[in-house]
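Student: The structure under discussion is supplied below as structure tokens; questions concerning it will follow.
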Amino acid sequence: MTTTRAATATGTGPRRADGPRKAAGTAPYAYEYPVADLAYIAPVQATVARGRVLEVDASDAEAVEGVLTVLWHANAPRLEPDPDLSGLQRAAELAVLQSGEVAYRGQVVAAVVAETFEAAHQAAAQVTVRYEQFPHDVDLSDQRSDAVAPEEDHRQGDTAGAEPADVVVEHTYTTAMQHNNPMEPHSTVAHFDGAALTLYESTQGVHEVRRTVAAIAGLDPRSVHVIAPYVGGGFGSKGPLHAPTALATLAAMALPGRSVKLALTRRQMFALVGYRSPTLQRVRLTADAQGRLSGIDVVATVQSSALADFVEQAALPSKSMYAAPNRRMGHRAVHLDAPVPTWMRAPGECPGMFGPEVAMDELAWSCGLDPIELRLRNEPDRDPHTHKPFSSRNLAACLHEGARRFGWDGRAPVSAARTENGWRVGLGVAASTYPVVPPPSGSRARIRYEGEGVYVVSLGAADIGTGAWTALTQVAADALGAPLERVRVRLGDTTLPEASLAGGSTGLASWGSTVHAAAEAFRARHGQAPEPGAEAEADLPDNPDGDDFAMFAYGAQFAEVRVHEATGEVRVPRLLGVFAAGRIVNSRTARSQFLGGMTMGLSMALHEESVVDGRFGHVVNADFAEYHIAANADVEDIQAHWIDEEDPHVNPLGAKGIGEIGIVGTAAAVANAAYHATGVRVRSLPVRLDDFVGA
Ligand code: MOS
């Protein structure tokens, strides 16, 4: 039969394909899978920040009715000592219960597996752990002599003070430690039958989980089956694996034939699945009196872990953002007795655009220039870092369009900012960017014709709430010339063709290009009138332009901030972002990604801060009562727009990736607006009422 060609689905906003299933509660999340012979895992966490477990007394725990086993390093199954892992993974973080060494407070030192959740948790509380305790060190500062540069600084010209400068802005800007808290906490259901392992896992990539778990457990990847069709948010912390997945694997291996399950509590989320490192950014901008930058110098001090290295790339975005002949960008990492940091939405760019974008605002005021005009004067005509042409660069268009929509023109000087009913009112702007990360190779898609006009599109991608179910349906429908409702997508299972991780905002570009290639292969092989059962597969195609262009998405973030004159309370009544992110495939889910990112940026600006008690070495505000996340009442008028951007170089879809750029620059826009409102320059996140009271 022939299909009728549908109107182009790309660029429209069909409702979420997974929406009804989620609304009706029939879309299963990892912890919800009905499995037989279930047992529950309760981790026991270290109460010292550095030391060694000498002994675990499990006798009281084992006496609790329903306890099946208490695991610790002396009796836990052995994992591979030197597993062959991808560059994302940290072997030491996954070597759970393999030695008695304690590298951070909260590390898993034992675990109870029991017939019921209650028995597991009661028994875990009755496990006695004896430690040899060593002094620990969790204090991050940029004055430490043991900070290391993980790679050579990137340098061009001279930033040692010889660059011409009528105006100098030089300050330290800081961002707080933050913890990823997706609605669905990290969870695993694991079953080992003595040979094959099945994991229902809340993850950003089932194939990455399969590869990693097979490597640490010493299994053939073909005997590991990972299932994750629905995931309640990831934000990066479900990209690389963390200790809980390794623990569930161990528990399953210790109890072959049983299914074991583990969902972290909110409190455990603050120790076991990584975090965004705090950053201390030394930023030095030099410019002539007209605001033309002569030098950009950004050195970011960040926190890594004594257990394994992870360096937040906070100086990275400054490499390509603005033109300036003299440049230095570098990182300094301090290895502390703390958990290993990890990805959190726009790692690198998100914290790394705070300091420089506030510094640009300071420079604008120093030069007597509008901050939009300052940015326009420093637009590079090529990537200042690689000297390649940009595949497309529409920061200027975003700034202009945002200014028009936001009502920017005519903004008063700081001293004349409005006061309304005791609130000082100000407007601020900041730029945003996120790279078009080259999609990881290895993705493959299959298309099968079922008859009756129905096509099934299969690849193992994970939709972590972004809209991949829907957008991939659109891409496939357009590429096949089939109506949307005749395309069925299958995702999130290692029995499907391999798909790269949902990370680096590469999902749609990577999987969509792969689906596009599979559709072309299908049509080339089977034509417009395929027989039922006809199939074709294709791999992610190489991008012929991949090496020839610098590829970035851009945005302009605008904020209105009100600061109460008496109390210092900070409100953000308006946020508006305009983005240039290539072709937008689904307007509904894309807007949701931009708004979600901006909301998370607002949260970073005003609330999110993990507070470490240096005496004990752990995060003390480890719950939602004290770790504040922006809620509905914090979000007032928030708008996301985009400009029509054609970029033929990024991939066949022309889509740049949208999951992360929305969070970048938001916090700087808020801090810049707070300055406009009050004349108080806040260089440290989160912005607090204390910054304004008495100032
Ligand atoms: Mo995202 S932080 O690249 O998973």
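The values are calculated or read from the model by the stated rules, or taken from the named source; none is laboratory data. On a predicted model such as this, the values are computed, not experimentally measured, just so you know. We place every Cβ from the backbone using ideal geometry, glycine too, and count neighbours over all the protein chains shown. These accessible areas exclude ligands, DNA and RNA; they are computed on the full protein's heavy atoms, side chains included. Shrake-Rupley method; radii C 1.70, N 1.55, O 1.52, S 1.80 Å.
Student: Among the listed residues Glu645, Glu660, Glu608, which satisfies the condition of being within 16 Å of the ligand (Cβ to nearest atom), more than 29 Å from His564 (Cβ to Cβ) and acidic (Asp, Glu)?
Tutor: Numbers: Glu645 fails: within 16 Å of the ligand (Cβ to nearest atom); Glu608 fails: more than 29 Å from His564 (Cβ to Cβ).
Just a single option satisfies the conditions, and that option is Glu660.
Student: OK, next. If I ask for residues that are open to solvent by 10 Å² or more (accessible area, probe 1.4 Å), among the polar types (S, T, N, Q) and in contact with a helix residue (DSSP H, G or I) (Cβ under 7 Å, 6 or more places away or on another chain), which ones from the stretch 559-588 would you list?
Tutor: If the condition is that a residue be open to solvent by 10 Å² or more (accessible area, probe 1.4 Å), among the polar types (S, T, N, Q) and in contact with a helix residue (DSSP H, G or I) (Cβ under 7 Å, 6 or more places away or on another chain), then Thr567 is the only one that fits.
Student: Applying the selection to the stretch 312-332, what residues are closer than 30 Å to Ala95 by Cα, open to solvent by 20 Å² or more (accessible area, probe 1.4 Å) and within 16 Å of the ligand (Cβ to nearest atom)? Explain how you work it out, then say what you get.
Tutor: Start the filter on the stretch 312-332 by keeping residues that are closer than 30 Å to Ala95 by Cα, which leaves 312-314, 331-332.
Right, trim to open to solvent by 20 Å² or more (accessible area, probe 1.4 Å) and you get 313, 332.
Of everything in the stretch 312-332, just one residue is closer than 30 Å to Ala95 by Cα, open to solvent by 20 Å² or more (accessible area, probe 1.4 Å) and within 16 Å of the ligand (Cβ to nearest atom), namely Gln313.
Student: Moving on to the next point. Looking at (1) at pLDDT 95 or above; (2) surrounded by fewer than 19 Cβ atoms within 10 Å (Cβ to Cβ); (3) out of contact with any Gly (no Cβ under 7 Å at 6 or more places or on another chain), which one does Gly694 not meet, given that it meets all the others?
Tutor: Unmet for Gly694, out of (1) at pLDDT 95 or above; (2) surrounded by fewer than 19 Cβ atoms within 10 Å (Cβ to Cβ); (3) out of contact with any Gly (no Cβ under 7 Å at 6 or more places or on another chain): (1).
Student: In the stretch 218-237, what count of residues is obtained for those that are open to solvent by 10 Å² or more (accessible area, probe 1.4 Å), under 10 Å from Thr203 (Cβ atoms) and within 16 Å of the ligand (Cβ to nearest atom)?
Tutor: 0
Student: Only residues that are in contact (Cβ under 8 Å) with a residue 40 or more places away in the chain, part of a loop (DSSP other than H, G, I, E, B) and either closer than 30 Å to Ala243 by Cβ or in contact with a His (Cβ under 8 Å, 6 or more places away or on another chain) (or both): list them for the stretch 326-381, please.
Tutor: Looking only at the stretch 326-381, we keep the residues that are in contact (Cβ under 8 Å) with a residue 40 or more places away in the chain, and these are 326-347, 349-367, 369-375, 377-381.
With part of a loop (DSSP other than H, G, I, E, B) added as a condition, the list becomes 337-347, 353, 369-370, 378-381.
Of everything in the stretch 326-381, those that are in contact (Cβ under 8 Å) with a residue 40 or more places away in the chain, part of a loop (DSSP other than H, G, I, E, B) and either closer than 30 Å to Ala243 by Cβ or in contact with a His (Cβ under 8 Å, 6 or more places away or on another chain) (or both) turn out to be Asp337, Ala338, Pro339, Val340, Pro341, Thr342, Trp343, Met344, Arg345, Ala346, Pro347.
Student: Considering only the stretch 152-222, give the strands (runs of 3 or more DSSP E) lying wholly within it that have at least 2 residues that are in the same structural domain as Leu247 (by TED's automatic domain parsing).
Tutor: On the way: elements: 154-156, 167-175, 187-192, 197-201.
Once the strands (runs of 3 or more DSSP E) in the stretch 152-222 are filtered for at least 2 residues that are in the same structural domain as Leu247 (by TED's automatic domain parsing), what remains is 187-192, 197-201.
Student: Next question. Would you point out which residue out of Asp647, Asp547, Asp637 is under 30 Å from Lys388 (Cβ atoms), over 20 Å from the mean Cα position of the chain (by Cα) and open to solvent by 40 Å² or more (accessible area, probe 1.4 Å)?
Tutor: Working: Asp647 fails: open to solvent by 40 Å² or more (accessible area, probe 1.4 Å); Asp637 fails: under 30 Å from Lys388 (Cβ atoms).
Residue meeting the stated conditions: Asp547.
Student: Which members of the stretch 333-363 meet the condition of being away from the ligand (no atom under 16 Å from the Cβ) and among the charged types (D, E, K, R)?
Tutor: Asp337, Glu357, Asp361, Glu362
Student: Within the set of pairs 6+ apart or on separate chains, which have a first residue in the stretch 486-512 that is within 19 Å of Leu653 (Cα to Cα) and of a type in the set (Val, Ile, Thr), a second that is within 12 Å of the ligand (Cβ to nearest atom) and open to solvent by less than 10 Å² (accessible area, probe 1.4 Å), and C-beta atoms under 6 Å apart?
Tutor: The qualifying pairs do not exist here.
Student: Can you tell me which residue in the stretch 483-515 is farthest from the ligand (Cβ to nearest atom), limited to those that are farther than 29 Å from Pro347 by Cα and buried (at least 22 other Cβ atoms within 10 Å of the Cβ)?
Tutor: Val487
Student: Oh, and also: Restricting to the stretch 72-123, and then to whatever is in a loop (DSSP other than H, G, I, E, B) and β-branched (Val, Ile, Thr), can you tell me which residue is nearest to Asp37 (Cα to Cα)?
Tutor: First, the residues of the stretch 72-123 that are in a loop (DSSP other than H, G, I, E, B): 73-90, 95-100, 103-107, 115-116.
Within this subset, residues satisfying the condition of being β-branched (Val, Ile, Thr) are 96, 116.
Details: Val96: 24, Thr116: 11 Å.
Ranking the candidates gives Thr116 first.
Student: Working carefully through the options Ala190, Ala246, Ala214, find the one that is open to solvent by less than 20 Å² (accessible area, probe 1.4 Å), within 25 Å of Pro439 (Cβ to Cβ) and touching a helix residue (DSSP H, G or I) at 6+ places or on another chain (Cβ under 7 Å).
Tutor: On the way: Ala190 fails: within 25 Å of Pro439 (Cβ to Cβ); Ala246 fails: within 25 Å of Pro439 (Cβ to Cβ).
Sole residue among the options that is open to solvent by less than 20 Å² (accessible area, probe 1.4 Å), within 25 Å of Pro439 (Cβ to Cβ) and touching a helix residue (DSSP H, G or I) at 6+ places or on another chain (Cβ under 7 Å): Ala214.
Student: Just to be sure, is Ile464 at pLDDT 95 or above, assigned to a loop (DSSP other than H, G, I, E, B) and of a type in the set (Val, Ile, Thr)? Quick ask: steps written out before the conclusion?
Tutor: Numbers: at pLDDT 95 or above: yes; assigned to a loop (DSSP other than H, G, I, E, B): yes; of a type in the set (Val, Ile, Thr): yes.
Spelling it out, Ile464 is indeed at pLDDT 95 or above, assigned to a loop (DSSP other than H, G, I, E, B) and of a type in the set (Val, Ile, Thr).
Student: Could I ask something else about it? Taking Arg448, is it under 30 Å from Ala534 (Cβ atoms), modelled with pLDDT of 95 or more and open to solvent by 20 Å² or more (accessible area, probe 1.4 Å)?
Tutor: Details: under 30 Å from Ala534 (Cβ atoms): yes; modelled with pLDDT of 95 or more: yes; open to solvent by 20 Å² or more (accessible area, probe 1.4 Å): yes.
Yes, satisfied.
Student: Output the qualifying pairs, or none if there are none: Cβ atoms under 7 angstrom, residues six or more apart or on different chains, first residue in the stretch 119-135 and among the acidic types (Asp, Glu), second residue open to solvent by 50 Å² or more (accessible area, probe 1.4 Å).
Tutor: Note: pairs meeting the criteria are Glu132/Arg52; Glu132/Leu54.
Each row is one residue, and each column tells you yes or no for (1) within 21 Å of Asp644 (Cα to Cα); (2) in contact with a strand residue (DSSP E or B) (Cβ under 6 Å, 6 or more places away or on another chain); (3) surrounded by fewer than 19 Cβ atoms within 10 Å (Cβ to Cβ).
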| site | (1), (2), (3) |
| --- | --- |
| Ala364 | no, no, no |
| Pro371 | no, yes, no |
| Leu376 | yes, no, yes |
| Asn394 | yes, yes, no |
| Arg411 | no, yes, no |
| Val414 | no, no, yes |
| Asn421 | no, no, yes |
| Gly428 | no, yes, no |
| Ser432 | yes, yes, no |
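Student: Restricting attention to the stretch 382-432, which residues are without any contact (Cβ under 8 Å) to a residue 12 or more places away in the chain and small (Gly, Ala, Ser)?
Tutor: Gly407, Gly410, Ala412, Ala416
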